[in-house]
Amino acid sequence: YDQHSGRIITKNETYPPYLLSNAWIESNLRIRPADIRLFRVPSNEMSPTLEIGDTVLIDISQPTPAPPGIFLFFDGESVSIRRLESIRSGKKRYVRIMPDNSAYTPAECTPDDLLVIGRAVWVSHAI
């Protein structure tokens, strides 16, 4: 993730284009087409909800994990997609990071430890 430009740096791979009309995005997802980013799921940590190779539409206008949901984030080392929940306990705030796959363990961190890129709003996968 390039913090200066706010862009996700990806491998030099070519994928077929996703053609979604602006009208469909606005009426069905209720978000601005300019706020959409695509992310291809690289691991099985969110299985069975998201599988390796699934393409997820991310709404970058929603970078706060409240209410809880599935979010794309940068943790200082890599870009990941997990369930995030913002927790407040007295004056302390932290973020709970939860994989859907029970083979992986949940984690917690401070909000400053994560750069939340956006909320997952739609997924495409093979059946």
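The table for this structure:
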item: Test for residue 20: is it among the aliphatic types (A, V, I, L, M) and either under 21 Å from residue 126 (Cα atoms) or open to solvent by 70 Å² or more (accessible area, probe 1.4 Å) (or both); result: yes
item: Tabulated pairs, the range 111-127, first within 11 Å of residue 79 (Cα to Cα), second assigned to a strand (DSSP E or B) and open to solvent by 60 Å² or more (accessible area, probe 1.4 Å), C-beta under 9 angstrom, 6+ apart or interchain; result: 117/37
item: Pairs, first among the hydrophobic types (A, V, I, L, M, F, W, C) and crowded, with 18+ Cβ neighbours inside 10 Å in the range 51-62, second modelled with pLDDT of 95 or more and not in a strand (DSSP E or B), C-beta under 8 Å, six or more apart; result: 56/50
item: Residues within the range 71-104 that are more than 22 Å from residue 54 (Cβ to Cβ) and either in contact with a Ser or Thr (Cβ under 9 Å, 6 or more places away or on another chain) or among the polar types (S, T, N, Q) (or both), tallied; result: 7
item: Test: residue in the range 5-19 that is under 19 Å from residue 111 (Cα atoms) and modelled with pLDDT under 95; result: yes
item: Residue among 83, 88, 119 that alone is among the basic types (Lys, Arg) and open to solvent by less than 70 Å² (accessible area, probe 1.4 Å); result: 119
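Here's the yes/no breakdown for (1) more than 18 Å from residue 32 (Cα to Cα); (2) out of contact with any strand residue (DSSP E or B) (no Cβ under 7 Å at 6 or more places or on another chain):
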| position | (1), (2) |
| --- | --- |
| 53 | yes, no |
| 56 | no, no |
| 74 | yes, no |
| 105 | yes, yes |
| 114 | yes, no |
| 118 | no, no |
| 123 | no, no |
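The values are calculated or read from the model by the stated rules, or taken from the named source; none is laboratory data. Just so you know, these numbers come straight off a predicted model, no measurement behind them. Cβ coordinates were reconstructed from backbone atoms using ideal geometry, including for glycine residues, and neighbour counts include every protein chain displayed. Quick note on the areas: whole protein, heavy atoms, side chains included, nothing else; ligands and nucleic acids left out. Shrake-Rupley method; radii C 1.70, N 1.55, O 1.52, S 1.80 Å.
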